[in-house]
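Worksheet: the structure to be examined is printed underneath.
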Amino acid sequence: MASEANSQELKKKIQQMKLLHQIGLKIVSVFDLNELLSSVVNLTREILGYDDCAIFLVQNRKLVLKALAGFPNKVLGKEIPFGKGVVGRCAEKREIINIGDVSKCSFYIPSGLENIKSEIALPIVFSNKLLGVLTIESSKKNAFTKDDEETLDILCSQIGVAIQNINVTQSKIKEMEFLHQIGLKIVSKVELDELLSCVVNLIKDKLGYSFTGIFLPVGKKLVLKAHSMGEEAHLGFEIKFGEGVVGKSAESKEVINVGDISKCDFYIPSELKDAKSALAIPILHENRLFGVLAVESSEKNAFKKDDIKLLKILCSQIGIALRNVEMHEELQKLAITDSLTGLYNYRFFRNRLEQEITRAKRYGRPLSLIFIDIDDFKFINDNFGHLKGDEVLIAIARLILDNIRKVDSVSIMKEVEIDIAVRYGGEEFMVILPETPLQGAISAGERLRKLIKKEVNEKIPLIYNGRRFMITSSVGVASLKEDDTSNDLIKRVDQAMYDAKKKGKDQVCWIE
């Protein structure tokens with residue numbers, strides 16, 4: 001009898017070693033979680049000969065049945081609260097629960113299989129974190145010995161390592177897929193608003209943060225240009241450099257991670273009313289600040305090292321994309337800009353004038369043109385040289401730009417004009433004045449004429465045969481009429497400028 005018992009014990013030991021070996025092989029060769037768990041329960045039941053085997057994983061403070069052998073598949077997904085039944089108590093206590101006779105167990109919950117006499121449940125733990133529970137049932141009483149407990153405990157350690165490895169691998173794959181996907185998306189965007197909207201929405205969809213926003217530097221402030229909260233937040237929210245989480249990140253060009261905003265004396269409340277933690281990462285390209293990515297969560301200490309690492313890589317991509325947008329705008333501007341003066345060129349003028357006329361007529365708004373021609377410019381070129389003539393043109397262009405209406409920057413690189421200044425040709429300049437009636441345009445033209453005469457002559461004194469040559473301009477003004485085409489308006493303002501020439505130059509004329 002003793003020999004038979006020893007033989008049975010040896011056979012069981014071999015089975016246990018075989019199970020651990022087979023599971024070990026699976027762990028290093030399988031990278032799909034469902035496939036791994038299914039292999040574990042089937043091998044355990046098959047090799048050790050138990051009636052059933054199942055693995056529950058922790059999800060949202062519940063235990064969810066993820067793999068089974070010996071049960072009908074329809075019970076997959078079954079949930080057990082912590083503390084309930086053998087499985088729930090095992091999870092709550094994080095210790096092995098070995099029930100030799102389930103008929104005497106007050107907290108045993110029947111699995112639905114007949115003739116079950118004993119059950120064992122073991123916690124699956126990795127790095128002190130509970131991942132799940134392995135449970136096995138038998139139709140024999142006291143089926144699970146101390147040796148079984150030791151073997152199955154080793155098995156659970158292996159399962160814990162495997163689950164963690166798969167989770168990390170899948171997380172890294174998801175990160176790589178996300179970065180690849182967002183890289184493909186943003187590298188193709190050359191319009192600023194489209195790019196920023198694309199970025200915040202991808203972050204929201206893929207990473208699920210409560211609030212994501214992108215701030216861009218505008219002068220000495222950072223302005224919210226895109227966010228993930230729909231109509232719940234407003235664009236244009238401003239933060240000064242050095243203030244708040246975003247401002248400090250911009251000023252230092254460093255990551256600012258606030259785990260608990262209630263303990264942060266420099267946090268500026270955002271549109272996320274229940275924010276608990278905040279993160280700001282500078283968007284840099286070649287150490288130049290292009291903006292700040294702001295992320296907030298309704299959980300404390302939400303942003304871990306892995307989150308920050310991923311978002312820093314993302315911000316590098318955004319920085320490259322913003323630089324691409326800037327270069328695209330620069331190229332566009334070169335195509336529509338006069339190379340000498342920096343003003344818009346004739347091609348741009350004609351397109352923009354058509355747009356402004358269409359808008360003015362649609363909404364019944366006024367629109368005017370100012371035509372500036374430099375008096376006796378040929379004399380300047382002939383007697384002082386073309387370089388001096390270029391200097392005069394540049395000075396006048398700068399003066400016009402400095403004295404037309406503008407609004408604050410809304411783009412990375414350039415201001416957006418209300419008035420549009422153009423080099424029309426040679427020594428001729430045009431200014432489009434939206435929302436401006438004739439009288440307002442006459443006043444603007446007179447102001448520019450006086451400034452040219454005063455400031456350009458002070459800046460560029462011209463002496464000819466011992467006498468001061470005065471740089472002056474003839475200015476024409478005209479306003480849009482109801483039936484005007486762009487050619488009609490240009491013809492009328494051109495005639496007004498020639499009237500100023502005929503009347504002695506250095507004056508403003510207009511046509512009603």
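The values are calculated or read from the model by the stated rules, or taken from the named source; none is laboratory data. Given the structure is predicted, the values throughout are model-derived calculations rather than measurements. Here Cβ is always computed from backbone atoms with ideal geometry, including for glycine, and neighbour counts include all displayed protein chains.
Residues that are free of Cβ contacts under 8 Å to residues at least 12 places away in the same chain and farther than 17 Å from residue 373 by Cα within the stretch 444-471 comprise 458, 461, 463, 465, 466, 467, 468, listed in sequence order.
Are any residues in the stretch 291-334 among the hydroxyl-bearing types (Ser, Thr, Tyr) and over 24 Å from residue 273 (Cβ atoms), and if so, which ones?
Keep residues of the stretch 291-334 that are among the hydroxyl-bearing types (Ser, Thr, Tyr), which gives 297-298, 316.
Residue satisfying the conditions is 316 alone.
Note on the stretch 498-512: among residues that are in a loop (DSSP other than H, G, I, E, B) and not polar (S, T, N, Q), the one that is farthest from residue 453 (Cα to Cα) is 512.
Listed here are the residues, each with its yes/no results for (1) in contact with a helix residue (DSSP H, G or I) (Cβ under 8 Å, 6 or more places away or on another chain); (2) more than 22 Å from residue 192 (Cα to Cα); (3) of a type outside the set (Val, Ile, Thr).
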{"residue": "212", "(1), (2), (3)": "yes, no, no"}
{"residue": "220", "(1), (2), (3)": "no, no, yes"}
{"residue": "225", "(1), (2), (3)": "yes, no, yes"}
{"residue": "266", "(1), (2), (3)": "yes, yes, yes"}
{"residue": "293", "(1), (2), (3)": "yes, no, yes"}
{"residue": "319", "(1), (2), (3)": "no, no, yes"}
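Between 120, 159, 214, 116, the distinction of being assigned by TED's automatic domain parsing to the domain that holds residue 247 and either at pLDDT 90 or above or crowded, with 20+ Cβ neighbours inside 10 Å (or both) belongs to 214 only.
In this structure, residue 136 does not qualify as at pLDDT below 95, surrounded by fewer than 20 Cβ atoms within 10 Å (Cβ to Cβ) and either within 41 Å of the chain's Cα centre (by Cα) or in the same structural domain as residue 37 (by TED's automatic domain parsing) (or both).
Selection of first residues in the stretch 491-506 that are under 14 Å from residue 480 (Cα atoms) and modelled with pLDDT of 95 or more and of second residues that are small (Gly, Ala, Ser) and surrounded by 21 or more Cβ atoms within 10 Å (Cβ to Cβ), restricted to Cβ pairs under 8 Å at least 6 apart or on distinct chains, gives the following pairs, ordered by first then second residue: 492/478; 493/476; 493/478; 494/476; 496/476; 496/478. Sub-7 Å Cβ pairs linking a first residue in the stretch 333-356 that is farther than 16 Å from residue 432 by Cβ to a second residue that is acidic (Asp, Glu) and surrounded by fewer than 18 Cβ atoms within 10 Å (Cβ to Cβ), at least 6 apart or interchain, are 340/390, ordered by first then second residue.
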